[in-house]
Each structure stands twice: as C-alpha cells, then as structure tokens.
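Heads up, the thing below is written out as structure tokens.
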Amino acid sequence: MKQEKKVNSYLRGIKIIALACVIGGVIGGVTGAIRFVLLSRGVAVSGDWVLQQIRSVMTPLLGIIFAASVILGETSYRRLKATCEKQQTAEDEECDRLEYEEEKTGAFGTNLNVLSQVVSIFFLTFGYSMKYIEADDHAYSFLVACVIFVVSYIYIYFWQIRFVKLLQKTHPEKKGDLSSPKFQEQWLESCDEAEKEVIYQSAYKAYVTINRTIPLILIVVMVANLYFDTGMMAVVVLALVWMLAQFTYTGNCVKMKKNSLLFQKNRV
C-alpha cells in the first residue's frame, strides 16, 4: 500500500506567502505605472471624476436595471410555473428531472433578484449625498432615481411571494409565510431530511466561499482607497461582514455541541 507523502505545512505556507508578495508587487507596480502615465497625460483618475461619470447616468441606469429585472423575472416565473404544472402528472423519473428544472429556474430567479438589488444600491449610492442633491438642481433627477429604486424593490418583494406561493401549491407540505420574520425556520422545518442535507451542505460551502473571498475583496478595496481615495467605509463594512460570518458559524458550532452534550446527559 502506497504511503501518503507527508507535507511540510510551514514550508508550503512560506511559499504561498512569497508567491503572494510577488503577485502583489507586480499588481502594485503595474497599477502605479498606469496611474503615472494617466496623470502625465492629464487624465483625471480621482474618485471625484468617477463619481461624476456615474452620477451623470445614474437615473437611466436604474431604469434599465428595473426593466431588465421585470423582463427576466417574469420570464423565469413563467418557466417555473410551466415546470411545476408538469410535475402534477409526471411519472417518477420525469418528476425527478422536473424537480431539477424547478430548482435551477428558481435559483436563477432568486439570484437575479439579489443581483438587481445589489446593483441598484450600488448605483443609487453614488448620488446618495446631500452635497450632490442640493447642487445644480440634482434633487429632481435623484428623486426619480429613488422612485425607480423603491418600485424595483417592491416588484422583487412581490415576485418572491409569488415564487413561494407557487412552490407551496406544487409541494403542499412546504410551510412558511414570506412576510414572517421566521419564514426561513418554518420552511426548513417543512423540508425532508434529503432537502435539509442539501441546504446544510450548500450553507457550509457559502460560508467557506465568503471566508475565502472577503479577504481578497478587502485588498482590492484598500488598493482602491490608495489610488482613488474611496474612503475606509468599504473596508470597515467588509471587515464587519467577515467577522459576522465567522462568529456566527463558530458560535452555532459551540451551541450545537452544547445542546448535544446536554441531550446525552439527559439520556443518562
């Protein structure tokens, strides 16, 4: 039997750190050179210049995002509805395939909603400043942008209600009211063991992805602050999200271990 080769974790860690330093140095040198060339040619690269460019197209961009959300949202909902209707009369093998299609279409619609919300917040934030609103009669255009933003969120909220109602109609065992703060717990309790296993594994992979991605994004934000003076708020928020994800995971692990220990003691 072939023995597994032992790995020196410390040596591998040093190699990773050295590689990261080289990559960081190359990125820093390239971005610094690009900045120097742009400045030498009189091209503005400050954060204020970026703000001005985005603010000039903020309202039409939000309108485009809203229109795209409605078109794609209704398309995915109709496709999901057709899939759910077919499940009512499908055989076992066909039903499994349709359940996969249901999951895939539902995931697309849900991801689309989140993407629409994030992008809308991103663009609206560029104009979310009293200094900007009160200058050069920007109040009206910003008000229109806010109305589009609110209407978009209302549409997404009701889309999600329709989505949940459709799934509950197809699967009557599913419980929960989306307007309730305990909807997630209610929905999870109504799932069978196989569905819960999928949820648990997916949640763990999401946690791992967050823990791997946020440090990289933090570095990008720090570099952006160095060159474009974007401020420290983004760094603070990302750091808080990182800590929240970590503390929530480890806290629940400890809590579940404690509950398991108490359960074992009560059995004895």
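Observations
- Condition check for Leu80: more than 15 Å from Tyr157 (Cα to Cα), buried (at least 18 other Cβ atoms within 10 Å of the Cβ) and within 26 Å of the chain's Cα centre (by Cα): yes
- Within region 220-249, the set of residues being in a helix (DSSP H, G or I) and without any contact (Cβ under 8 Å) to a residue 12 or more places away in the chain comprises Val220, Ala224, Asn225, Leu226, Met233, Val236, Val237, Leu240, Met243, Leu244, Phe247, Thr248.
- Which listed residue, of Leu178, Leu216, Leu188, Leu226, is within 21 Å of the chain's Cα centre (by Cα), at negative phi, open to solvent by 100 Å² or more (accessible area, probe 1.4 Å) and not aromatic (Phe, Trp, Tyr): Leu216
- Residues in region 133-170 that are of a type in the set (S, T, N, Q) and either touching a Cys at 6+ places or on another chain (Cβ under 6 Å) or more than 17 Å from Leu80 (Cα to Cα) (or both): 3 in all.
- One residue from Ser190, Ser260, Ser202 being touching an Asp or Glu at 6+ places or on another chain (Cβ under 7 Å) and either of a type in the set (D, E, K, R) or over 29 Å from Cys21 (Cβ atoms) (or both): Ser190
- Candidates Ser141, Ser152 - the one that is within 21 Å of the chain's Cα centre (by Cα) and of a type in the set (Gly, Ala, Ser): Ser152
- Residues that are of a type in the set (S, T, N, Q), open to solvent by less than 100 Å² (accessible area, probe 1.4 Å) and at pLDDT below 75, drawn from region 1-60: Asn8, Ser9, Thr31, Ser40, Ser46, Gln53
- Any chance Thr110 is of a type in the set (Val, Ile, Thr), in contact with a Lys or Arg (Cβ under 6 Å, 6 or more places away or on another chain), in a helix (DSSP H, G or I) and surrounded by 13 or more Cβ atoms within 10 Å (Cβ to Cβ): no
- Sole exception among (1) modelled with pLDDT of 90 or more; (2) among the hydrophobic types (A, V, I, L, M, F, W, C); (3) over 28 Å from Gln246 (Cα atoms) for Val208, by number: (3)
- Selection count, region 124-140, where residues are open to solvent by 40 Å² or more (accessible area, probe 1.4 Å) and touching a helix residue (DSSP H, G or I) at 6+ places or on another chain (Cβ under 7 Å): 2
- Consider region 83-107 and keep the residues that are within 24 Å of the chain's Cα centre (by Cα) and small (Gly, Ala, Ser). The one that is surrounded by the most Cβ atoms within 10 Å (Cβ to Cβ) is Gly106.
The values are calculated or read from the model by the stated rules, or taken from the named source; none is laboratory data. Source: prediction; values computed, not measured. Don't worry about glycine lacking a Cβ; one is built from the backbone with ideal geometry, like all the others, and counts go over all protein chains shown. Heads up: the accessible areas ignore ligands, DNA and RNA and are worked out on the full protein's heavy atoms, side chains in. Shrake-Rupley method; radii C 1.70, N 1.55, O 1.52, S 1.80 Å.
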